[in-house]
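Where a number appears in this text, it was derived from the coordinates with a stated rule and is not lab data. These numbers were taken from a predicted model, which means no experiment stands behind them. Neighbour counts run over all protein chains shown; Cβ positions are idealised from the backbone, glycine included.
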Ligand code: PEP
Ligand code: MN
């Protein structure tokens, strides 16, 4: 699809209903209308709370198919998995590359879940655009403007992670780069920022996510797996995300976390993911207050 096909959906830079002149395409509007973004047929930013789940990386055909089946059965709406992995060390597993995307696509179609996967390089964008349901732009590339624009030009949905050193405003401005290039199909994803202490992997900034949701008209989701890194805390973080009025979650789930080639310590087992989903359901009904 060409950029021109998307232009009418995006307000012009002089749209008088945009409240923040720095965010003419993605910022809050005076009427507070929100933008619903679809990955496959799954809506983000509409009333229902949406869950993306799956392993950090695609490791083999069997593993991703098994993971897709598990998360789908346990209530996830969208499958995640990386084929291009941004690893801190060049000696760590870097992902299966394009063959991994094919495995992900097959698992996704077999088990009926659309999928999102990270794009690391501008040179892969065109080829990936033909088969992915949504691109993920990882935290490390949040201000890789050439990549943001290349992905925006495809018009495909984008999950835009917040960099761990970026302010919420910088994050929203990164989204504006994608929108200006041609796609308003952007989901913002908070995944933890650097502060002090290493008790949790990063610091989950729920307030920053709420602020971003308030200032923009884009859906905002939370990835507590990377933000916290400790499986035992994820179900409470997930419930907090739901209670905060945010639009959804991204969590890492691996059929055998101890064998994961990437982020093994933080992945939920299918059993823990099942518990997380059951815990979330408790918060979808109103919580009674303690009697005075
Ligand atoms: C991931 O989702 O596996 C990932 C690498 O995330 P982030 O970019 O948030 O570190
Ligand atoms: Mn990961």
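For the range 213-225, enumerate the residues that are within 14 Å of ligand 2 (Cβ to nearest atom) and surrounded by fewer than 24 Cβ atoms within 10 Å (Cβ to Cβ). Answer for the range 213-225, where residues must be within 14 Å of ligand 2 (Cβ to nearest atom) and surrounded by fewer than 24 Cβ atoms within 10 Å (Cβ to Cβ): there is none. Among the residues of the range 266-285, the one identified as in contact (Cβ under 8 Å) with a residue 60 or more places away in the chain, in a loop (DSSP other than H, G, I, E, B) and out of contact with any helix residue (DSSP H, G or I) (no Cβ under 6 Å at 6 or more places or on another chain) is 284. Scanning the range 85-116 for residues that are out of contact with any strand residue (DSSP E or B) (no Cβ under 6 Å at 6 or more places or on another chain) and in a loop (DSSP other than H, G, I, E, B) yields a count of 12. The helices (runs of 4 or more DSSP H) found entirely in the range 188-248 that carry 1 or more residues being more than 23 Å from residue 272 (Cβ to Cβ) and touching a strand residue (DSSP E or B) at 6+ places or on another chain (Cβ under 6 Å) are 206-215.
Scanning the range 68-99 for residues that are farther than 21 Å from residue 187 by Cβ and in contact with a helix residue (DSSP H, G or I) (Cβ under 8 Å, 6 or more places away or on another chain) yields 69, 70, 74, 96, 98.
Among the candidates 254, 177, which residue alone is surrounded by 24 or more Cβ atoms within 10 Å (Cβ to Cβ), under 26 Å from residue 131 (Cα atoms) and more than 15 Å from the chain's Cα centre (by Cα)? Full working, then the answer.
Working: 177 fails: surrounded by 24 or more Cβ atoms within 10 Å (Cβ to Cβ).
Step by step, each of 254, 177 is checked, and only 254 is surrounded by 24 or more Cβ atoms within 10 Å (Cβ to Cβ), under 26 Å from residue 131 (Cα atoms) and more than 15 Å from the chain's Cα centre (by Cα).
In this structure, does residue 138 turn out to be surrounded by fewer than 24 Cβ atoms within 10 Å (Cβ to Cβ) and closer than 21 Å to residue 79 by Cα? Here the answer is yes, as residue 138 does meet what is asked.
Residue-by-condition table, conditions (1) within 16 Å of ligand 2 (Cβ to nearest atom); (2) surrounded by 14 or more Cβ atoms within 10 Å (Cβ to Cβ); (3) closer than 28 Å to residue 65 by Cβ; (4) under 16 Å from the mean Cα position of the chain (by Cα):
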site: 102; (1), (2), (3), (4): no, yes, yes, no
site: 110; (1), (2), (3), (4): no, no, yes, no
site: 117; (1), (2), (3), (4): yes, yes, yes, yes
site: 122; (1), (2), (3), (4): no, yes, no, no
site: 126; (1), (2), (3), (4): no, no, yes, no
site: 156; (1), (2), (3), (4): no, yes, yes, yes
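Residue 240 satisfies every condition listed in (1) closer than 30 Å to residue 25 by Cα; (2) away from ligand 1 (no atom under 16 Å from the Cβ); (3) surrounded by 17 or more Cβ atoms within 10 Å (Cβ to Cβ) except (3).
Within the range 249-265, the set of residues being within 16 Å of ligand 1 (Cβ to nearest atom) and assigned to a loop (DSSP other than H, G, I, E, B) comprises 254, 260, 261, 262, 263, 264, 265. Can you spot a residue in the range 161-169 that is crowded, with 20+ Cβ neighbours inside 10 Å and away from ligand 1 (no atom under 16 Å from the Cβ)? Checked the range 161-169: no residue is crowded, with 20+ Cβ neighbours inside 10 Å and away from ligand 1 (no atom under 16 Å from the Cβ). Scanning the range 133-154 for residues that are in a helix (DSSP H, G or I) and either within 16 Å of ligand 2 (Cβ to nearest atom) or under 12 Å from the mean Cα position of the chain (by Cα) (or both) yields 139, 140, 141.
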